[in-house]
Amino acid sequence: NAKAMGQPRPGETWLLVTSAFHMPRSVGLFRRAEFPVIPWPTDYMAPGSESFGLKFDEASENLAISNIALREWVGLVGYYLTGRIDEVVPGPT
C-alpha cells in the first residue's frame, strides 16, 4: 500500500523511518515491492555498548528483550518462507 500511496518516481529518495529492531523486515518488504528506500532506523533499544549476556537482577527486562527478538526472528523467517521477503536478513544493497 505504501508504494501505491507514495507513487515513487525514478530518481527520488525516500526514507524508511521505523524502529531499529524491525528495520530488516521493513526493508525486505519495501524491496519486495520494488519501492526504493534508504533505511533510517530510530528508537534503538540499546546505546551500543552492550555485550552478550543476561542481567541477573533484571529478569523481566531479559524476558521483554527476548520476546521482541524472538518475534522479529520468527517474523523474518515466516515472511521469507511465505515469499513476502527475498532474504531472511535483508542487508545493505
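Of the residues making up the stretch 1-28, those that are part of a strand (DSSP E or B) and open to solvent by 80 Å² or more (accessible area, probe 1.4 Å) are LEU15, VAL17.
Which residues, taken from the stretch 10-34, are more than 23 Å from TRP73 (Cα to Cα) and at pLDDT 90 or above?
From the stretch 10-34, those more than 23 Å from TRP73 (Cα to Cα) are 10-15; that's our starting set.
Residues satisfying the conditions are TRP14, LEU15.
Summed over the stretch 64-93, the residues that are at pLDDT below 90, in a loop (DSSP other than H, G, I, E, B) and within 13 Å of the chain's Cα centre (by Cα) give a count of 4.
Which residue, of ASP57, ASP43, is within 17 Å of the chain's Cα centre (by Cα), loosely packed, with under 15 Cβ neighbours inside 10 Å, modelled with pLDDT under 90 and acidic (Asp, Glu)?
Details: ASP57 fails: within 17 Å of the chain's Cα centre (by Cα).
Exactly one residue qualifies, and that residue is ASP43.
Applying a threshold of 8 Å to beta carbon distances and a minimum spacing of six or more residues, or different chains, the list of pairs starting in the stretch 67-82 at a residue that is touching a residue at least 40 places away in the same chain (Cβ under 8 Å) and ending at one that is open to solvent by 100 Å² or more (accessible area, probe 1.4 Å) reads ILE68/MET45.
The values are calculated or read from the model by the stated rules, or taken from the named source; none is laboratory data. All figures in this text were calculated on a predicted structure; none of them were measured in a lab. Counting neighbours? That spans all protein chains shown, and the Cβs are built from the backbone with ideal geometry, glycine included. These area figures cover heavy atoms from the full protein model, side chains too; ligands, DNA and RNA do not enter into them. Shrake-Rupley method; radii C 1.70, N 1.55, O 1.52, S 1.80 Å.
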